[in-house]
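Here is the structure we will look at.
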Amino acid sequence: MVGLLHVHHIAIICRDYAVSKRFYTEVLGLEIIREVHRAERQSWKLDLALGGQYVIELFSFPEPPLRPSHPEAAGLRHLAFAVSDLDATVRGLDTHGVASEPIRVDEFTGRRFTFIQDPDGLPLEFYEV
């Protein structure tokens, strides 16, 4: 045992900081905890919370390489958010022009879920609980 308590945060590197900041705050509704410009690295760092809990660290760097999503590559596959009403979530995404995949049903839990892509193509899942 190494004494893990919980996941502290997930770091995401974006290509266009303004677009990704808008997506994660205005479309998904995450709250800004702290925003820092690191001039020496030509980088922004945005700490975001969900329900008051720090969850995402959004970074920008000059010209980061693209993440291979198709075909799927080794490493982090996707980020999943729990939602109480998947239909309302899909409607809300649609009002922001964010297309979602058809809703599917988890064959093991019977729960409904769908995926979208963030502005950099990172797969994001919405899982109805």
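Is it true that some residue in region 18-27 is at pLDDT 95 or above and in contact with a Phe, Trp or Tyr (Cβ under 6 Å, 6 or more places away or on another chain)?
Looking only at region 18-27, we keep the residues that are at pLDDT 95 or above, and these are 18-27.
This time we only want the ones that are in contact with a Phe, Trp or Tyr (Cβ under 6 Å, 6 or more places away or on another chain), so: none.
Looking for residues that are at pLDDT 95 or above and in contact with a Phe, Trp or Tyr (Cβ under 6 Å, 6 or more places away or on another chain), one finds none in region 18-27, hence no.
So, in region 40-63, how many residues would count as being of a type in the set (G, A, S) and more than 22 Å from V98 (Cβ to Cβ)?
Step one: list which residues in region 40-63 are of a type in the set (G, A, S), which gives 43, 49, 51-52, 60.
Checking the rest, the ones that are also more than 22 Å from V98 (Cβ to Cβ) come to 43, 52.
So the count comes out to 2.
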(request) Enumerate the pairs (first residue in region 4-22 and over 17 Å from F81 (Cα atoms) and touching a residue at least 24 places away in the same chain (Cβ under 8 Å); second residue anywhere and surrounded by fewer than 17 Cβ atoms within 10 Å (Cβ to Cβ) and among the aromatic types (F, W, Y)) with beta-carbon separation below 7 Å, excluding pairs fewer than 6 apart on the same chain, so at least 6 apart or on different chains. (result) I13/F61
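Here are some residues: I12, I33, I56. Which one is open to solvent by 60 Å² or more (accessible area, probe 1.4 Å), hydrophobic (A, V, I, L, M, F, W, C) and in contact with an Asp or Glu (Cβ under 8 Å, 6 or more places away or on another chain)? Step through it out loud before you land on a result.
Working: I12 fails: open to solvent by 60 Å² or more (accessible area, probe 1.4 Å); I56 fails: open to solvent by 60 Å² or more (accessible area, probe 1.4 Å).
The match here is I33.
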(request) Just need a number here: residues in region 68-89 that are in contact with a strand residue (DSSP E or B) (Cβ under 8 Å, 6 or more places away or on another chain), farther than 20 Å from R15 by Cα and part of a loop (DSSP other than H, G, I, E, B). (result) 2
(message) I'd like to verify a number: residues in region 90-128 that are surrounded by 13 or more Cβ atoms within 10 Å (Cβ to Cβ) and assigned to a loop (DSSP other than H, G, I, E, B), how many?
(response) 9
(request) Go through region 75-89 and count every residue that is modelled with pLDDT of 95 or more and open to solvent by 60 Å² or more (accessible area, probe 1.4 Å). (result) 4
(request) Output the residue which, of all residues in region 9-39 that are assigned to a loop (DSSP other than H, G, I, E, B) and aliphatic (A, V, I, L, M), is nearest to G97 (Cα to Cα). (result) L28
(message) For region 40-63, which positions are farther than 21 Å from A80 by Cα and either among the charged types (D, E, K, R) or in a helix (DSSP H, G or I) (or both)?
(response) E40, R41, K45, E63
(request) Check region 60-74 and report whether any residue there is open to solvent by less than 80 Å² (accessible area, probe 1.4 Å), within 17 Å of the chain's Cα centre (by Cα) and within 27 Å of H6 (Cβ to Cβ). (result) yes
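The values are calculated or read from the model by the stated rules, or taken from the named source; none is laboratory data. What you see is a predicted model, and the numbers here were worked out from it, not measured in a lab. Virtual Cβ from ideal backbone geometry, glycine too; neighbours counted across all protein chains shown. For the accessible areas, the whole protein counts, side chains as well, though only heavy atoms, and no ligand, DNA or RNA atoms are used. Shrake-Rupley method; radii C 1.70, N 1.55, O 1.52, S 1.80 Å.
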